[in-house]
Amino acid sequence: MLPMLAEITGTGDDLISAGGAIGAGFAYGLAAIGPGIGIGYLVGQSVQAMARQPEAAGMVRTTMFLGIAFTEALALIGFVVFILLGL
Amino acid sequence: MSEAFVTRLDGPSPEREIAHDLVRRALPVAPVLVLIGAIGWGVGGALSAGYAVFLVLVNFLLAAALLTWSARISLALMMGAALVGYVLRLGLIFAAVVLVKDAGWVKLWPLGLSLIVTHVGLLFWETRYVSASLAFPGLRPAPISAPSGS
């Protein structure tokens, strides 16, 4: 498989750089999935809390906003790894 | 029959309050990051660090604006705005970095490190000033100093 790919892509260096780019892309995609699930769960629970207890909505929104930002930090770390490895 | 559940959230927006406070706290910190970038990587490092700080602050402000806007319409829209906003903001950061990555002044290491350090650092710093109580849902009120005569 690899020799065939090397034949198609040209030199081995091309293959290595292509593999690096593909790997970095996968890493970024995988790094974005986890926070996506986390934010979905977080916001879903927050909306439920606000609907059940409207007087606490301000407090819940504050916690939700900070939670989203903290969760998003994980995706940002994945993005930074992506730009440093393969962009 | 009165509505048993809330469909929209009127009133003050704690997200906007927190995002503005994050920006206010970032302004004195940004020159330090730029200086570190300049010491480590020269002019390119300084510009890259400044650009990263700018991206993080725009990201916070955009997140707060989206949530504030959608909460005034409906809770369901707020949920959608939070999820779509996440993808949208990640896409914007991606585009903002891809557009400048080949520019001469961009150094990827200070850009990436400043992105993470600014984002996480500001958030941890902000948690010290957040009240999240029923009386003060957003930021903690400033302490009232006792009158000097008492």
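Arrange the peptides B:28-39, A:73-84 so that the one whose residues have, on average, the most other Cβ atoms within 10 Å appears first.
A:73-84, B:28-39
Under the rule a/c < 1.5 gives rounded, and otherwise a/b versus b/c splits prolate from oblate, where does the stretch B:14-127 land using the Cα gyration tensor?
It comes out oblate by the Cα gyration axes.
Would you mind checking which residues have amide H under 5 Å from residue B:131's amide H? H placed 1.01 Å from N; only 5 or more apart, or other chain.
Here B:139, B:140 satisfy the definition.
Taking a ≥ b ≥ c as the square roots of the eigenvalues of the Cα gyration tensor of the stretch A:2-85, is the shape rounded (a/c under 1.5), prolate (a/b larger than b/c) or oblate?
Prolate.
Whole-Hz Karplus ³J(HN,Hα) for the stretch B:140-145, in order, using 6.51 cos²θ - 1.76 cosθ + 1.60 and θ = phi - 60°, x for Gly and Pro?
Values per residue, Gly and Pro as x: 5, x, 5, x, 8, 6 Hz.
Name the residue, out of B:67, B:115, B:134, whose mean-square fluctuation peaks in a Gaussian network model built on chain B with Cα pairs under 10 Å.
The residue that fluctuates most here is B:134.
What are the trypsin sites (Lys or Arg not before Pro) within the stretch B:4-64 that DSSP puts in a loop, where the Cβ has at most 11 other Cβ atoms within 10 Å?
Here no loop site has a sparse enough neighbourhood.
Which whole-angstrom value gives the distance between the alpha carbon centres of the stretch B:19-53 and the stretch A:19-52?
If you average the Cα positions of each part, the centres end up 27 Å apart.
Just checking the output field for B:120-133: average partner chain Cβ neighbours within 10 Å of each residue's Cβ?
Across B:120-133, the average partner-chain Cβ count within 10 Å equals 3.
Calculate one ³J(HN,Hα) per residue across the stretch B:39-51 by plugging θ = phi - 60° into the Karplus curve 6.51 cos²θ - 1.76 cosθ + 1.60, and present them in order as whole Hz with x for glycine and proline.
Values per residue, Gly and Pro as x: 5, x, 10, x, 4, x, x, 5, 5, 5, 5, x, 5 Hz.
How well do other chains shield peptide B:77-85, expressed as the mean number of their Cβ atoms within 10 Å of each residue Cβ?
Values: counts 0, 6, 7, 1, 1, 10, 6, 0, 4.
Mean number of neighbouring Cβ atoms from other chains: 4.
At 222 nm, what value in deg cm²/dmol follows for the protein assembly as shown if DSSP H runs of at least 4 each add -39500 (n - 2.57) and the sum is divided by all its residues, to the nearest 500? Kindly include the intermediate steps, with their values, before the conclusion.
Values: 6 runs with 182 residues, N = 237.
So the helix-based figure for the protein assembly as shown works out to -28000 deg cm²/dmol.
How big is the Rg/Rh ratio for the stretch B:30-87, C-alpha atoms only, Rh by Kirkwood, two decimals?
Rg/Rh for the stretch B:30-87 comes to 1.28.
Apply 1/(1 + (r/R0)^6) to the Cβ-Cβ distance of residue B:76 and residue B:125, taking R0 = 41 Å, and write down the FRET efficiency to the nearest 0.05. Mind dumping the intermediate values first?
Values: r = 33 Å, r/R0 = 0.80.
My answer for the efficiency is 0.80.
Averaged across A:71-82, how many Cβ atoms of other chains sit within 10 Å of each residue's Cβ atom?
5
For the protein assembly as shown, what is the per residue volume of the convex hull drawn over the alpha-carbon atoms, in cubic angstrom?
Convex hull of Cα atoms, per residue: 153 Å³.
Computed from the coordinates by the stated procedures, all read-outs in this text should not be read as laboratory data. Since the structure is predicted, the reported quantities are computational estimates derived from the model, not experimental observations. Reconstructed Cβ throughout: ideal geometry from the backbone, glycine too, with neighbour counts over all protein chains shown.
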